[in-house]
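The values are calculated or read from the model by the stated rules, or taken from the named source; none is laboratory data. Computed from a prediction, not measured in an experiment: that's the story for all the values here. Counting neighbours? That spans all protein chains shown, and the Cβs are built from the backbone with ideal geometry, glycine included.
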Protein chains: 2
Amino acid sequence: MVGLGPGSEALLTPQARAALAKSRVVVGYRTYLELIRPLLEGKELLASGMMQEVPRAAAAVERAAAGDTVALVSGGDPGVYGMAGLVHELLRARDWRRDAGIEVEVVPGVMALNAAAALLGAPLMHDFAAISLSDLLTPWELIARRIELAAQADLVIGLYNPRSSRRADRLAEARGILLRHRAPETPVGVVRAAYREGQRVVVTDLLQLLEQEVDMQSIVLVGNSQTFTFEGAMVTPRGYESKYDLPTAQGC
Amino acid sequence: MVGLGPGSEALLTPQARAALAKSRVVVGYRTYLELIRPLLEGKELLASGMMQEVPRAAAAVERAAAGDTVALVSGGDPGVYGMAGLVHELLRARDWRRDAGIEVEVVPGVMALNAAAALLGAPLMHDFAAISLSDLLTPWELIARRIELAAQADLVIGLYNPRSSRRADRLAEARGILLRHRAPETPVGVVRAAYREGQRVVVTDLLQLLEQEVDMQSIVLVGNSQTFTFEGAMVTPRGYESKYDLPTAQGC
């Protein structure tokens, strides 16, 4: 299970590159395979469409069980809303044994949330939560409850899968919950396609969030009560300012 | 601000490597500079000890303002409990202007939590929170409240800075809070020095957590109510099993 990071080869780790190089078969969502096309020459490719996660993971496990070296790729980190969990679920269903079965390795990657944060400035500098708004596999009630409690906890919140045609108003519902605990002027970053073609970085606030273009390639990052913006950057302080006198000087 | 990832060169991104290559000055915590020593030849190094974050960041900003190309390195991702926030705080204090001041860039990295998760299996597959137990800059009451609410939200929880000599019993307090909302047999992963010398990966549970060796180089990963272990792996299901019949077959 190989994490590709956000999509740029500059953020693909050498370990991920090496894992791809030694694989005979590469399995993945078509769009991700497209991003790493130069690395796939001579490989057998099993590409599939969105929401085909179960057959995709099953195919990877089948091929590995048949003796092939297989890379199953995920965008970002395969362990965060990626393919690592599903493969382990399949292995358990097959009574996999570590000492007797196929070798399994997770290659971590730069996750989408870190990539978005880097482009925004430093919004993730304090405790945070990652929550997916996708209710395909999780009841909306649980998602809503998590948003509510994370908001109460004053965690910075990264929203994955913030919008699809099917659930256009989940983001509006999430915003409504957040506004019960955070000021309307709480900074919000919207990052689309970080480090990929079509990248767009917007710093806005809870009040104006719904006026922004947000799609399934976007991450929405909601600041905590201390997050501030300046010069187009979104920054959550760690707390040094209250503890130390930060040095100031001109000319920077 | 350059993220080094967990410490192995195999997980250092090409973008981070390129940023180091083009920097004349490299600033960082001594231990991190040690990890990337082969990449530092011919550079001016400003190494400092732990808890010297403010002077370290200030030195980096000073040198950049004086015209040098400076890499300020962080382990993991510089945007997560790293140096990105502090630099932005210093820039604000200096009335930095994006169009007229020094150029600023954050190079994201594989964060410690992703590295730990990859070694454990797939514990982060569902919504999660990252919470630091360090009360140097954050009141313990706020940290405790965040743990409590994250536990109520059934988030997987990654605990950073789980222990130091100064606050050996914060981990015990955190465990006590967690046990109010999670079963004693909730899986817990303890990963020390992921992908570095001295790496140690332990899968245990809340009941036995305090019997494990946990230090400041460790990440403690607490499962949610669905997390399971098998064959030494720690896995949080995404929910496919309840929605699909996962294929089973022998021979894997």
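With respect to the conditions (1) out of contact with any helix residue (DSSP H, G or I) (no Cβ under 7 Å at 6 or more places or on another chain); (2) within 30 Å of residue A:21 (Cα to Cα), residue B:11 falls short on a single one, namely (1). Counting the residues of the stretch A:98-142 that are of a type in the set (D, E, K, R), facing chain B (nearest Cβ under 7 Å) and touching a Lys or Arg at 6+ places or on another chain (Cβ under 8 Å) gives 1.
Residues in the stretch B:17-34 that are under 17 Å from the mean Cα position of the chain (by Cα) and either small (Gly, Ala, Ser) or closer than 16 Å to residue B:103 by Cβ (or both): B:28 alone. Hey, among the residues in the stretch A:48-97 that are within 15 Å of residue A:111 (Cα to Cα) and hydroxyl-bearing (Ser, Thr, Tyr), which one's surrounded by the fewest Cβ atoms within 10 Å (Cβ to Cβ)? The extreme case among them is A:81.
Is it true that some residue in the stretch B:60-71 is under 26 Å from residue B:193 (Cβ atoms), touching a Leu at 6+ places or on another chain (Cβ under 9 Å) and more than 9 Å from chain A (Cβ to nearest Cβ)? Yes, the stretch B:60-71 contains a residue that is under 26 Å from residue B:193 (Cβ atoms), touching a Leu at 6+ places or on another chain (Cβ under 9 Å) and more than 9 Å from chain A (Cβ to nearest Cβ). The set of residues from the stretch B:201-214 being more than 17 Å from residue B:232 (Cβ to Cβ) and exposed (fewer than 14 other Cβ atoms within 10 Å of the Cβ) comprises B:210, B:211, B:213.
Residues in the stretch B:127-160 that are of a type outside the set (Val, Ile, Thr) and either part of a helix (DSSP H, G or I) or over 17 Å from residue A:155 (Cα atoms) (or both): 12 in all. For the stretch A:1-12, the tally of residues that are surrounded by fewer than 24 Cβ atoms within 10 Å (Cβ to Cβ) and touching a residue at least 40 places away in the same chain (Cβ under 8 Å) stands at 2.
Beta carbons closer than 6 Å, at least 6 apart along the sequence or on distinct chains, pair a first residue in the stretch B:13-37 that is more than 14 Å from chain A (Cβ to nearest Cβ) and more than 16 Å from residue B:193 (Cα to Cα) with a second that is part of a loop (DSSP other than H, G, I, E, B) and not polar (S, T, N, Q) for B:24/B:68; B:25/B:68; B:26/B:40; B:26/B:43. State whether one or more residues within the stretch A:140-155 are within 14 Å of the chain's Cα centre (by Cα), crowded, with 24+ Cβ neighbours inside 10 Å and under 26 Å from residue B:107 (Cβ atoms). Checked the stretch A:140-155: no residue is within 14 Å of the chain's Cα centre (by Cα), crowded, with 24+ Cβ neighbours inside 10 Å and under 26 Å from residue B:107 (Cβ atoms).
Condition check for residue A:185 on (1) in contact (Cβ under 8 Å) with a residue 24 or more places away in the chain; (2) surrounded by fewer than 16 Cβ atoms within 10 Å (Cβ to Cβ); (3) within 18 Å of residue A:233 (Cβ to Cβ): one failure, at (1). Has the stretch B:214-221 got any residue that is modelled with pLDDT of 95 or more, more than 14 Å from chain A (Cβ to nearest Cβ), assigned to a strand (DSSP E or B) and over 17 Å from the mean Cα position of the chain (by Cα)? Within the stretch B:214-221, not a single residue is modelled with pLDDT of 95 or more, more than 14 Å from chain A (Cβ to nearest Cβ), assigned to a strand (DSSP E or B) and over 17 Å from the mean Cα position of the chain (by Cα). Note on the stretch B:215-232: among residues that are buried (at least 17 other Cβ atoms within 10 Å of the Cβ) and among the hydroxyl-bearing types (Ser, Thr, Tyr), the one that is farthest from residue B:161 (Cα to Cα) is B:229.
Whether a residue is without any contact (Cβ under 8 Å) to a residue 24 or more places away in the chain and within 11 Å of chain A (Cβ to nearest Cβ) was assessed, and residue B:78 does not pass this test.
Within the set B:191, B:202, the sole residue that is in contact (Cβ under 8 Å) with a residue 60 or more places away in the chain and assigned to a strand (DSSP E or B) turns out to be B:191. Quickly run through the stretch A:98-114 and pick out the residues that are surrounded by fewer than 24 Cβ atoms within 10 Å (Cβ to Cβ) and closer than 15 Å to residue B:119 by Cβ. Of everything in the stretch A:98-114, those that are surrounded by fewer than 24 Cβ atoms within 10 Å (Cβ to Cβ) and closer than 15 Å to residue B:119 by Cβ turn out to be A:98, A:103, A:104, A:105.
So, residue B:251, is that one in contact with a helix residue (DSSP H, G or I) (Cβ under 9 Å, 6 or more places away or on another chain), outside any loop (DSSP other than H, G, I, E, B) and either surrounded by 15 or more Cβ atoms within 10 Å (Cβ to Cβ) or at pLDDT below 95 (or both) or not? Against the criterion (in contact with a helix residue (DSSP H, G or I) (Cβ under 9 Å, 6 or more places away or on another chain), outside any loop (DSSP other than H, G, I, E, B) and either surrounded by 15 or more Cβ atoms within 10 Å (Cβ to Cβ) or at pLDDT below 95 (or both)), residue B:251 does not qualify. In summary, residue A:43 fulfils each of the numbered conditions (1) surrounded by 15 or more Cβ atoms within 10 Å (Cβ to Cβ); (2) basic (Lys, Arg); (3) within 14 Å of chain B (Cβ to nearest Cβ) with the single exception of condition (3).
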